[in-house]
Structures are given as structure tokens and as C-alpha cells.
């Protein structure tokens, strides 16, 4: 079996941008999309910060446009999940549920998934008041009351950012202290628009069928339950990189993100590259994912050319 020149694992903005560049460089990439293609953008209603779309674009629509573009240059697709990889031999081995492929080079762009609360109403109102990204959706909550769930740095960052738009931000914290760094905690505590709801847990998200209208809060100290009205809820309890299949195959950091060489998308295995949120826990934007997807394709192309 002739090995593929390049296999791209994952089909968000990083994967499709890598595919566009790789296909135009005549690498004839094969993209293994996953059974739920498109990544986090599939859960995003309006994307208003994608350059070149002044009116904004729906997340699934943006993925559709990216796929059309990567297909136009000859990318091929398989709608299955990768279940196993072997990077100890070359060509590399990539296995799905029922097929085995070999590849000269691999781009990993499997992204990261927001961690959710898992409470009733959360899935129903995702994109209709419930979000995991303040930078993506904060703009839609001008002069509204929003809740942020979490006590770490990312929750404080989201809360501070949201005060640019919201009239009031209530931070729901499970304990009576923040686990955020001192500087981030102090910044949030000083902000007049931010209040803290200590010892509190969201047990349910209420809505009218169209959008969320508030939450059911449980106080784990007094054991009382109360209904709190709010226009939005931002879940900021962390992200989990989708890297389970790469454990012990390439170097991951302690949280599971792919480690790349500074200024490059090269992983700890030569010929394996990574782009997008799978290697980026800092920016996590569609446009930065696309940028590193481009870098990964260019790095792979140069690496392959060097081998020849």
C-alpha cells in the first residue's frame, strides 16, 4: 500500500487551513475528519471576529466554507475517528475503526473541548445564552447580566473581559476562595461590575425554550437552592485537549496539550506537526488555529522536501 504524503487528523479551522496549503503544494492530503467534524465552531452560532466576514458568519457555515475550499484543491476526507497511531515507525501508522493508513507526515489538529457543567438545560441553551468563550460571544451581552462559572485564572479573565459589555457579571464559585493567581483575583475583586457568589453551584439552566433566562443555584454551605435571573452563562472551568490517542506517542504537557518546538509546529517526533487548540491553551481562537494550521502545512511541506 502506497503511503499517503500527508494525513491531517482533525477538521476544525486548523485542519482545513493545513489542508488548503498542503493541497495547493500538491501533497494530496487525506483528512480524517472525525465522526463529529468541525470542532468547537460547530457549537458556535455567530462568529463575528473571523476576518473578511463583516456581517459575521455562523460557526457551522464557516466550517462548510473552509471544507469547500480545502476540497477545491483536492483534499480527500474520511468521516471516522482515529483510534490509534504508531509514530515509532516510518511511514507512520494511523488507524481508524476499520482502516489502516500509512503516512510520510502527519498534522495533528484535533483541537480541545471546553469542559461543561453537565447540568440540565446546558446543551439545550448552548449558543442561546450559554457559552464557553467570552471573547467569541461577550459582544452579544451589551448591558445584560451574565454569570461566569469558575474560580481560576480563565474565569477571572472571562469575567473582566465581559465587564466591557455586560452591566453586571456574577461569578459563581464552588468554594469560598478563588484558585486564581493573586494578580488575576485582585483585578476581578477590584472591578465594580463583578460580584462573587461563593459556595455556589449551578444545578440547572432555566430558559423559555428560545434562550436561557437564569439558573438554579445551590449553596453548598447553607444547602439552600435559589433561582437567579440572568441573560447569559459563561462556563470557564477549563478545556481538555483532544489528545488521548497521542499519550506516550508524542510529548504532551502535564495537562495534555501537544508540546511543539518554539517558533515551529514540530512535535517531539520528526515529521509529526501540530496546529490549533490541541497545542494552544492561550489564545484558542478560530483565526489563531487557522494560522498555526497554515504553519503546520508549511513545516510539513518543507520537511518532506528535505527528505526527498
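The values are calculated or read from the model by the stated rules, or taken from the named source; none is laboratory data. Worth saying up front: this structure is predicted, and the values here are computed from it rather than measured. As a convention, Cβ positions derive from the backbone with ideal geometry for all residues, glycine included, and neighbour counts pool all protein chains shown.
Say whether the condition of being out of contact with any strand residue (DSSP E or B) (no Cβ under 6 Å at 6 or more places or on another chain) and either in the same structural domain as residue 150 (by TED's automatic domain parsing) or surrounded by 20 or more Cβ atoms within 10 Å (Cβ to Cβ) (or both) is met by at least one residue in the range 69-90. Yes - at least one qualifying residue is present in the range 69-90. Take the residues of the range 169-186 that are surrounded by 17 or more Cβ atoms within 10 Å (Cβ to Cβ) and more than 18 Å from residue 202 (Cα to Cα): which is modelled with the highest pLDDT? Among them, the one singled out is 185. Tell me, which residue of the range 232-247 that is surrounded by 16 or more Cβ atoms within 10 Å (Cβ to Cβ) and part of a strand (DSSP E or B) is farthest from the chain's Cα centre (by Cα)? Here the residue is 232. Just for the range 12-38: of the residues that are touching a strand residue (DSSP E or B) at 6+ places or on another chain (Cβ under 7 Å) and not in a loop (DSSP other than H, G, I, E, B), which one is surrounded by the fewest Cβ atoms within 10 Å (Cβ to Cβ)? Here the answer is 30. The single condition from (1) touching a strand residue (DSSP E or B) at 6+ places or on another chain (Cβ under 6 Å); (2) free of Cβ contacts under 8 Å to residues at least 40 places away in the same chain that residue 274 fails is (2). The number of residues in the range 126-153 that are surrounded by fewer than 21 Cβ atoms within 10 Å (Cβ to Cβ) and over 25 Å from residue 14 (Cα atoms) comes to 8. Please determine whether any residue of the range 218-229 is modelled with pLDDT under 95 and not in a loop (DSSP other than H, G, I, E, B). For the range 218-229, residues modelled with pLDDT under 95 and not in a loop (DSSP other than H, G, I, E, B): absent.
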